[in-house]
Amino acid sequence: MTLAQNLDIYKSADALLVLSLKVQAQVPRSYRLAIGQRLSNECAEILLAVARANAARGERREQHIEKLLEHVEATTVLMRAAHTVK
């Protein structure tokens with residue numbers, strides 16, 4: 001098992017977190033808490049889910065991957081909303 005930080009998916013998720021922080025700064029103040037902060041939190045959860053899935057085996061790994069997919073879906077929705085309110 002490699003360290004999660006060495007995985008391509010982890011590196012991509014890390015880049016997504018950096019992007020989300022930039023997006024958060026561009027979201028109008030009235031939406032920043034509802035969209036921007038939640039977006040960054042979801043991206044951080046993606047990183048955690050990747051690391052947890054990498055460390056787990058069997059059914060627990062599947063559970064972490066399911067959580068990861070939920071966070072990816074939430075991030076997609078929030079990114080679209082952030083783009084709409086700009």
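In square angstrom, rounded to the nearest 10, how much accessible surface does VAL85 have for a 1.4 Å probe?
Roll a 1.4 Å probe over it and VAL85 shows about 40 Å².
Relative to the longest principal Cα axis of the chain, at what angle does helix 38-55 sit, 0 to 90 degrees, rounded to 10?
Helix 38-55 and the main axis of the chain meet at about 10 degrees.
Can you give me the solvent accessible area of SER12 with a 1.4 Å probe, rounded to the nearest 10 Å²?
Estimated to the nearest 10 Å², SER12 gives 80 Å².
Rounded to the nearest 500, what is the chain's calculated 222 nm mean residue ellipticity when only DSSP H runs of at least 4 contribute -39500 (n - 2.57) each, over all residues?
Details: 3 runs with 65 residues, N = 86.
Calculated mean residue ellipticity at 222 nm is -26500 deg cm²/dmol.
Enter the angle in degrees (range 0 to 90, nearest 10) between the Cα long axis of helix 8-26 and the first principal axis of the Cα atoms of the chain, meaning the one along which they spread out most.
The answer is roughly 20 degrees.
Per residue, how much accessible area does the chain have with a 1.4 Å probe, in Å²?
Result: 67 Å² of accessible area for each residue.
Taking the full set of protein chains and a 1.4 angstrom probe, give the accessible area of ARG61 in square angstrom, rounded to the nearest 10.
Its heavy atoms expose roughly 80 Å² to the probe.
Treating cross-link reach as a plain straight distance, find the lysines whose alpha-carbon is under 24 Å from the alpha-carbon of LYS22, omitting any fewer than eight places away in the same chain.
Here the lysines satisfying the reach criterion relative to LYS22 are LYS11, LYS86.
Considering the convex hull of the alpha carbon atoms of the chain, report its projected area averaged over all viewing directions, in nm², one decimal.
On the way: hull surface 20.7 nm².
Mean shadow area of the hull around the Cα atoms is 5.2 nm².
For a paramagnetic label modelled at 7 Å from the Cα of ILE9 toward its Cβ, which residues of region 38-64 fall within the zone defined by backbone nitrogen distances under 16 Å?
Within reach of a label on ILE9: 43-64.
Leaving out ligands, DNA and RNA, what percent of the accessible area of the chain is carbon and sulfur, probe 1.4 Å?
On the way: 3220 of 5780 Å².
On the chain, the fraction of accessible area on carbon and sulfur atoms equals 56 percent.
The values are calculated or read from the model by the stated rules, or taken from the named source; none is laboratory data. Just so it is clear, the structure is predicted and the values come from calculations on it, not from any experiment. Ideal geometry is used to build each Cβ from the backbone, glycine not excepted, and the neighbour counts take in all protein chains shown. Side chains included, ligands, DNA and RNA excluded: accessible areas come from the protein's heavy atoms. Shrake-Rupley method; radii C 1.70, N 1.55, O 1.52, S 1.80 Å.
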